[in-house]
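Peer 1: Please read through the structure below; I'll follow up with questions.
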Amino acid sequence: MSNLELPLVFFTVLSQTAIGLVIISTLRQWAVDGPTGNIRGEWVTASGLIIAGMVASFFHLGHPLEGYTALKHLDKAWLSREVLGVSIFLGLTVLGMFMARDKISGPVAFGAAIVGLATILFMGMTYSPPSYPAINNVLPLVFFLMTALLLGTSFGSWFASPEKRIWLTRVLAVTLIVGLVVYLIVPCVWLSGGTVMAQTGWAWIGSPLYWARIIIGLVLPLAAVWMTRDVPAWLPTIILIGEIMGRMVFFKDTLHAAGNLGGLY
Amino acid sequence: MKKQYAFYIDAERCIGCFTCAMACKNQYHQPETVIWRQVYPIKAEIYPHRERAFYSLACNHCENPTCLNVCPVVAYSKREADGIVIHDQEKCIGCGNCIRSCPYGVPRYNPVLKKAEKCSFCWQRIDAGLKPQCVQSCPVEALQIVDLATFDKPDAVQYPPGFPKYPKLNPSVRFLVPRLPKIIGREDI
């Protein structure tokens, strides 16, 4: 979005990591047989991440102390809905954290997962305004879902029992392959769009950060998962770095329609 | 149709003197990086002549404004009486969502106030029966205000080349596209 917007980079990546952790934790608990693992530790981490993300988001406000007023426009503004979604998700995650023993109660876990998914939808709508032709579509939602899945599964491996790591490894491998395909194809598709969309495609392809993101955040983790048939302990940190770089590209190299005023669109 | 004020930009007349932009600055004294009205040269791919042509652009006071729709604190409002879109700085928290979302790049970030701001159509002057400062100052009368409810100029267009098309927003602006001067070469004689 032509501006690095670091607070938003950290807010979106950290909150999507927390949502991914909660979704994967919930699915793992009920959809896969075997011991649950360190569920409490997982939900403590998710709570910490969402709090860190919310703190980061305040740094992009001119007047952070008035940030609570962002809930005023729920009937129209996706940003208001996003703030509400993140707040409810935080509440449910903290509640789950305190209730967690060997398991988390179904209503709280599924409630947090569903609210988390809705929040990612709200985020996808917030960051797909008409001013950015390349992402004025479903792509931000796809990118954000991918971040949640990649980081949710990889960080989830820290807390999963060995029996459930096999399932996590499979989900992570598939998400990495899908992510690689999406991130390589999307800028190429943009090249055949209108002026600003094509400029965005070239900006992404010409960005060293984009290629670093592809290699560090997707290719390297995929190779590691392929060779070890597991999720090594260091891998989530590498994927997190890759996602942060990818989000920086998203904010910095996606071009605004107004940048071409006076030229052909 | 209800009354809807709009800027009418006669690019045939505009000489790119920037007086409109300077008049706006003189009226509101925005910080250096904050521009409410800007004069954009039309690129040679659209207007291939050594004499340049220009669009003087500010807020389009859209029928369905993105800034108003995305603002989480309801800092924007659209006046019923004349369709002018107003930004209330008292409510703004400087989240920048309007700046990111307006496809015409209208709202700007004021680094001093740490809030967004944009062209107000000089609504205080309008209410006092005066023209907006930019319109008032234009030496060639290339910038005018019109009421779209009664505006009926057949050669005016809403989306000329060089101005992005967003029908959902329905920007309240009309243009007279500049014509290329007739060049007479030896072969024409």
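Peer 1: Quick one: in the stretch A:92-102, of everything that is surrounded by fewer than 16 Cβ atoms within 10 Å (Cβ to Cβ) and of a type outside the set (Phe, Trp, Tyr), which residue is nearest to the other protein chains (Cβ to nearest Cβ)?
Peer 2: A:Met99
Peer 1: A further question follows. With the structure loaded, tell me whether A:Met54 is in contact with a Ser or Thr (Cβ under 8 Å, 6 or more places away or on another chain), touching a residue at least 40 places away in the same chain (Cβ under 8 Å) and not β-branched (Val, Ile, Thr) or whether it fails that test.
Peer 2: Numbers: in contact with a Ser or Thr (Cβ under 8 Å, 6 or more places away or on another chain): yes; touching a residue at least 40 places away in the same chain (Cβ under 8 Å): yes; not β-branched (Val, Ile, Thr): yes.
When the stated conditions are applied, A:Met54 passes them.
Peer 1: Within the stretch A:92-135, count every residue that is assigned to a loop (DSSP other than H, G, I, E, B), closer than 30 Å to B:Arg108 by Cα and without any contact (Cβ under 8 Å) to a residue 40 or more places away in the chain. Break it down stepwise before answering.
Peer 2: Keep residues of the stretch A:92-135 that are assigned to a loop (DSSP other than H, G, I, E, B), which gives A:100-105, A:127-132.
Then drop every residue that is not closer than 30 Å to B:Arg108 by Cα, which leaves A:127-132.
Narrowing further to those that are without any contact (Cβ under 8 Å) to a residue 40 or more places away in the chain: A:128-129.
Count: 2.
Peer 1: For the stretch A:194-265, give me every one of the helices (runs of 4 or more DSSP H) that falls completely inside it and has 1 or more residues that are without any contact (Cβ under 8 Å) to a residue 60 or more places away in the chain, in contact with a Gly (Cβ under 9 Å, 6 or more places away or on another chain) and of a type outside the set (Asp, Glu). Walk me through how you get there before you give the answer.
Peer 2: Working: elements: A:195-205, A:208-214, A:220-228, A:235-252.
Counting at least 1 such residues, we get A:208-214, A:220-228, A:235-252.
Peer 1: Give the residue that is nearest to B:Ser172 (Cα to Cα), with candidates limited to residues of the stretch B:88-99 that are touching a helix residue (DSSP H, G or I) at 6+ places or on another chain (Cβ under 8 Å) and surrounded by 23 or more Cβ atoms within 10 Å (Cβ to Cβ).
Peer 2: Of the stretch B:88-99, the ones touching a helix residue (DSSP H, G or I) at 6+ places or on another chain (Cβ under 8 Å) are B:91, B:93, B:95, B:97-98.
Now drop any that are not surrounded by 23 or more Cβ atoms within 10 Å (Cβ to Cβ), which leaves B:93, B:95, B:97-98.
Working: B:Ile93: 27, B:Cys95: 25, B:Asn97: 21, B:Cys98: 18 Å.
Here the residue is B:Cys98.
Peer 1: Filtering the stretch A:109-145 down to residues that are within 13 Å of the chain's Cα centre (by Cα) and under 17 Å from A:Trp190 (Cβ atoms), which residue is surrounded by the most Cβ atoms within 10 Å (Cβ to Cβ)?
Peer 2: A:Tyr127
Peer 1: Let me ask something else. Go through the stretch A:72-91 residue by residue and tally those that are surrounded by 17 or more Cβ atoms within 10 Å (Cβ to Cβ), more than 19 Å from the chain's Cα centre (by Cα) and more than 7 Å from chain B (Cβ to nearest Cβ).
Peer 2: Here the count works out to 0.
Peer 1: OK, next. Condition (residue is modelled with pLDDT of 95 or more, facing another protein chain (nearest Cβ under 9 Å) and not in a loop (DSSP other than H, G, I, E, B)) applied to the stretch B:69-77: is it met by at least one residue?
Peer 2: Yes; the residues of the stretch B:69-77 include at least one that is modelled with pLDDT of 95 or more, facing another protein chain (nearest Cβ under 9 Å) and not in a loop (DSSP other than H, G, I, E, B).
Peer 1: Could you tell me whether the stretch A:39-53 includes any residue that is within 13 Å of another protein chain (Cβ to nearest Cβ), at pLDDT below 95 and surrounded by 18 or more Cβ atoms within 10 Å (Cβ to Cβ)?
Peer 2: If we filter the stretch A:39-53 for residues that are within 13 Å of another protein chain (Cβ to nearest Cβ), which is where we start, we get none.
No, the stretch A:39-53 has no match at all.
The values are calculated or read from the model by the stated rules, or taken from the named source; none is laboratory data. Nothing here was measured: the structure is a model prediction, and the numbers come from that model. With ideal geometry, Cβ positions are generated from the backbone for all residues, glycine too; neighbour counts draw on all protein chains shown.
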